[in-house]
Amino acid sequence: MKTLEELMAIRDKAKANMTDRDGNGDSIRIVVGMATCGIAAGARPVLNAFVEEVAKRNLKNVTVAQTGCIGMCQYEPIVEVFEPGKEKVTYVKMNAEKVPKVVADHIVNGNPVFDYTVGAIVKD
Amino acid sequence: MYRSHVLVCGGTGCTSSHSGEIIEALEKEIAAKGLSDEVKVIKTGCFGLCALGPIMVVYPEGCFYSEVKVEDVPEIVEEHLLKGRIVKHLLYDETVHKDEIKPLSETNFYKKQRRIALRNCGVIDPENIEEYIAMDGYQALAKCLTELTPEDVIQIVKDSGLRGRGGGGFPTGLKWSFTAKNSADQKYVVCNADEGDPGAFMDRSVLEGDPHCIVEAMTICGYATGATQGYIYVRAEYPIAVKRLQIAIDQARENGLLGKNIFDSGFDFDLHIRLGAGAFVCGEETALMTSIEGNRGEPRPRPPYPAVKGLFAKPTTENNVETFANIPQIILKGAEFFNSMGTERSPGTKVFALGGKINNTGLVEIPMGTTLREIVEDIGGGIPNGKKFKAAQTGGPSGGCIPASLIDTEIDYDNLTSIGCMMGSGGLIVMDEDNCMVDIAKFFLDFTVDESCGKCSPCRIGTKRMREILEKITDGKATLEDLDELEKLAHYIKDNSLCGLGQTAPNPVLSTLRFFRDEYVAHIVDKKCPAGVCKALLSYNIDPDKCKGCTACARKCPVGAISGTVKNPHTIDTSKCIKCGVCMETCKFGAIYKK
């Protein structure tokens, strides 16, 4: 290593590989339902897709976490997005292919993907 | 990319309560569940809350599991890591409030802390240079070598007001400037990691949790003072610290952060570890250097000071581990960042190793100026078993005690000195009403008598004579003249010893005499030990009203000193009694008392 730029390159790469260890509460949280129902419906690839997508775009202040059964097992995999100061958004019947769009539109640009949300998919 | 990181404490405290086996079990269980590509297990340095070890923290949630057992691992992996359900009953109870989980930073133990020297401890993997770099590591070094002149670096350290954290409190920037001023063909940087005070483990935790920050800081010091070689003098009794330091040095060399032409600046610097055999005197700077030179660790007279004629008779800068640990942050964030914390004459923070009669034993870093009450009652969680706070000992065998009446003292160098105490390196031992202050003074004197190197007679002979008088007092054989003699001797040793060991050895006696003279007098005049510690002055007795005659004590007594018949009050024959206290522990009715 000979320059500050080299050091910063290592820093940015290593930082992306470390999950947020500050534990501060002002980040966007993407929570994937990972109870038996979620796992059976394919929540694991969804979770991994979110983790990869967030890392790829080097997004700061976004954490991907998992939770238990959200209660609507027939609509799993379910993903909830919590943004500080906003209503939570619930995505249902998710799969890995839908993930890049959610990250690009919702997490980066702040426009929830209405077509994937519980409101659009669950018809009464 | 891992979605979850599990941090397990690999400090000495948690290692001794089997955190190594927990890591093994975790890795096995995670592999069995097919999560090895998703969850990463990291062994970190000390989290500080050693009383609740072994400690495990799961990110991104930041869940703090305390007192984890190997048997708990399958449940944590199955529930938390696989299904995302936090195992609440295994969390540190203070982080669980009704159904909410509070972040660790809001618990009493961490709330008032401000972590500068310990900022990476319990946060990064100390054996991985990339994690250190991710936390802005080596940026301060890069900044020094590419943007700042050595004079600039020294000026920043001076402006920050940083004072030596080894206990003396000498301004660090000034120390560096002395070495920088002296020209020589070779200069040295030495890190004093010979932490010898009983009850102190701050330096060990920094070395174990964040070794790269010492490597970085020493290199900066080398640049500022014109030294090209550094030595870290660390006790061989710190095997984890030594191992991680060596890994850090090797990694820094591989990455060109140690060696020739660092950051293409033309500056060369290299580091070596020297192991100490554990003699207390080797923590004294001149004795330490004598030991590095390969000689028997004995102090030499100052002047000449190390800045003029130090290691191998060359100009040398010697700083303590914690002092160095502050340097990278000061360079990166500026002098104002540092001196905005703490008090005017003692800026910054101080790490303390909390021990003794306190609930949260462990490692804390607080801004200077925090009161002793906040440390003991808020951060430390108070005294166990509802006992009363009596005093706190700072500075180990070189320091003194702060009595309960001064519990609102704001901790900084000058306040402690003004009450006849000293900051010391950071050991803070809490004592309650069951501690006898004469006995404490004797304990520390025992230590200094053992550790005196013997080179100068005030220390070698004087401390031994002092201990003899203290033994007379605790045996109930002393007179008030002995007390005067003890005090006279203490001042004489303080004034005439060659090095810091002897000059400070009488401090525990002088300080306890100042605040607890009545206890000394009680031992001498009334032949009583008010705290009930000094065996020669107590007797065990049975209260006939409370004794039910169950015979339990008589059966347990190892010397057959207790006699009596069933269902009738028993008596203790004080001439046979060896005062072991077994009867008192055995009695279910609280009938046995000591006086």
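The values are calculated or read from the model by the stated rules, or taken from the named source; none is laboratory data. Just so it is clear, the model here is predicted, and its values are computed rather than measured. We place every Cβ from the backbone using ideal geometry, glycine too, and count neighbours over all the protein chains shown.
Observations, loosely collected:
- A search for C-beta distances below 9 Å between a residue of the stretch B:298-312 that is outside the structural domain of B:SER497 (by TED's automatic domain parsing) and any residue that is surrounded by fewer than 15 Cβ atoms within 10 Å (Cβ to Cβ) and of a type outside the set (A, V, I, L, M), counting only pairs 6+ apart in sequence or on different chains, returns B:GLU298/B:GLY454; B:ALA307/B:LYS181; B:LYS309/B:PRO303; B:GLY310/B:PRO304; B:LEU311/B:GLU293; B:PHE312/B:GLN186; B:PHE312/B:GLU293.
- Only helices (runs of 4 or more DSSP H) whose full extent lies in the stretch B:489-595 are considered here, and the ones with at least 1 residues that are of a type in the set (S, T, N, Q) are B:500-504, B:507-521, B:582-586.
- Of all residues making up the stretch B:328-373, the number that are in contact with a Cys (Cβ under 9 Å, 6 or more places away or on another chain), surrounded by fewer than 24 Cβ atoms within 10 Å (Cβ to Cβ) and outside the structural domain of B:ASP414 (by TED's automatic domain parsing): 1
- Applying a threshold of 8 Å to beta carbon distances and a minimum spacing of six or more residues, or different chains, the list of pairs starting in the stretch B:569-581 at a residue that is of a type in the set (Asp, Glu) and ending at one that is exposed (fewer than 14 other Cβ atoms within 10 Å of the Cβ) reads B:ASP573/B:SER563.
- As a summary of the residue check, B:ARG345 satisfies the conditions (1) in contact (Cβ under 8 Å) with a residue 60 or more places away in the chain; (2) out of contact with any helix residue (DSSP H, G or I) (no Cβ under 8 Å at 6 or more places or on another chain); (3) within 25 Å of B:VAL157 (Cα to Cα) except for the one numbered (2).
- Among the residues listed as B:SER346, B:SER340, the single one being under 23 Å from B:TYR110 (Cβ atoms) and over 23 Å from the mean Cα position of the chain (by Cα): B:SER340
- Yes/no for B:GLU29 being in contact with a Pro (Cβ under 6 Å, 6 or more places away or on another chain) and either among the basic types (Lys, Arg) or closer than 22 Å to A:THR36 by Cα (or both): yes
- Residue identified as more than 30 Å from B:GLY476 (Cβ to Cβ) and among the hydrophobic types (A, V, I, L, M, F, W, C) among B:CYS436, B:CYS456, B:CYS421: B:CYS456
- Long-range neighbours under 7 Å by Cβ, at least six apart or interchain, first residue within 14 Å of another protein chain (Cβ to nearest Cβ) and over 27 Å from B:SER346 (Cβ atoms) within the stretch B:133-160, second in a helix (DSSP H, G or I) and of a type in the set (Gly, Ala, Ser): B:ILE133/A:ALA14; B:ALA134/A:ALA14
- Entry remark, the stretch B:418-442: residues being assigned to a helix (DSSP H, G or I) and without any contact (Cβ under 8 Å) to a residue 60 or more places away in the chain number 2 in total.
- Any strands (runs of 3 or more DSSP E) falling wholly within the stretch B:1-92 and containing at least 1 residues that are facing another protein chain (nearest Cβ under 9 Å) and among the charged types (D, E, K, R): B:39-44
- Residue within the stretch B:233-243 that is under 30 Å from B:GLY13 (Cα atoms), at pLDDT 95 or above, crowded, with 17+ Cβ neighbours inside 10 Å and aromatic (Phe, Trp, Tyr) present: yes
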